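Beneath this line is the structure, given in structure tokens, with notes to follow.
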Amino acid sequence: MERNLHKQLGNMKKSLFDQGYLDEQFIQLEELQDEANPNFVEEVVTLYYRDSARLIQNIEQTLENNPLDFAKLDNYMHQFKGSSCSIGAKKLKNECTQFREHCKTGNGDGCKRTFQQLKKEYAALKKKLEHYFQVP
Amino acid sequence: MGSDCSSIGAEELHVLAVDDSLVDRKVIERLLKISSCKVTAVESGRMALQYLGLDGEKSSVGFDELKVNLIMTDYSMPGMTGYELLKKIKSSSKLRQIPVVIMSSENILARIDRCLEEGAEDFLVKPVKLSDVKRLRDVILRGDENDEKKGSQKRKLNDLLPTSSLACDLTSLKSASAASQQARLKRPRL
């Protein structure tokens, strides 16, 4: 039975990596887990989603302004990118970079488009990780 | 181990980590704890200075008890940047000897140069790895060990003077030449 669960976990992890959702940093975090701290990665990810929800909301609100405050948007995205990077969220990291590029060129539409994509990835990763952590 | 009470006991560094990101603070804390370091994590440069006793307010605990062996700070923080924190620490006679490491998600050469010029011990690109922390720890511990050795060597030399042969020779040479000079001056010119 346990072998099956192990396999399931292994497959899930592999697909997360193959599909580019996660990168090496996630593995680094897993290596920080031990018997005394067996849920470290889950704790960090939970903290990430809780903390970044606020940022996502701020960005959403700021994108509704007219004209757009690109400096503010860039600042929020810099923070969001940082945390995403820290948990190994590869796709999200790339979306953040794209968003910041649009900020630099003052491309409001580009920002909005990228942000929609980013929100999708953000939600998708959350689901996948929730599933991943559920396997004992 | 030396009996000097300021030496690091049992290879345990006390690290002050400064980062405005909650997630990054959690990660750096774990990295440091795994590397057998004591950690105090704060969210801003101002809080770091307060903790170090450099923010006007006198901390209730004596400085030695809070003794920080290493400061690791994020570069981009609202209010006071890591660079500004670095400058403040390096311009304090009380704190300048504490090594400061800057962490940044942005690998900008000019930024790195600026920080190193200002006296940063190292510049780490985020995300910080366990190998980075372990390497730092070893460097700091070795550095402290070297300071210990230098300190004790100095003490030994002071104890040995004037019986240490080299010092003796120099002293005698010095006094000999001074004496001969004086003698020349004193001899009346006939």
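The values are calculated or read from the model by the stated rules, or taken from the named source; none is laboratory data. Here the structure is a predicted model, which is why all the values come from computation and not from measurement. Counting neighbours? That spans all protein chains shown, and the Cβs are built from the backbone with ideal geometry, glycine included. Just the protein is used for accessible areas: all its heavy atoms, side chains included, with ligands, DNA and RNA removed. Shrake-Rupley method; radii C 1.70, N 1.55, O 1.52, S 1.80 Å.
Observations on the structure shown:
- The single condition among (1) open to solvent by 10 Å² or more (accessible area, probe 1.4 Å); (2) within 14 Å of another protein chain (Cβ to nearest Cβ) that B:I140 does not satisfy is (2).
- Filtered by the rule that a residue be outside any helix (DSSP H, G or I) and in contact (Cβ under 8 Å) with a residue 40 or more places away in the chain, region A:68-102 gives A:L68, A:I87, A:G88, A:A89.
- Subset of region A:50-63 (residues that are surrounded by 16 or more Cβ atoms within 10 Å (Cβ to Cβ) and facing chain B (nearest Cβ under 10 Å)): A:D51, A:S52
- Residue within region A:86-106 that is basic (K, R), surrounded by fewer than 16 Cβ atoms within 10 Å (Cβ to Cβ) and either closer than 22 Å to B:R30 by Cα or more than 14 Å from every other protein chain (Cβ to nearest Cβ) (or both) present: no
- One residue alone among B:C168, B:C115 is at pLDDT below 90 and not basic (K, R), and that residue is B:C168.
- Members of region B:81-99 that are β-branched (V, I, T) and either under 12 Å from B:V18 (Cβ atoms) or open to solvent by 10 Å² or more (accessible area, probe 1.4 Å) (or both): B:T81, B:I89
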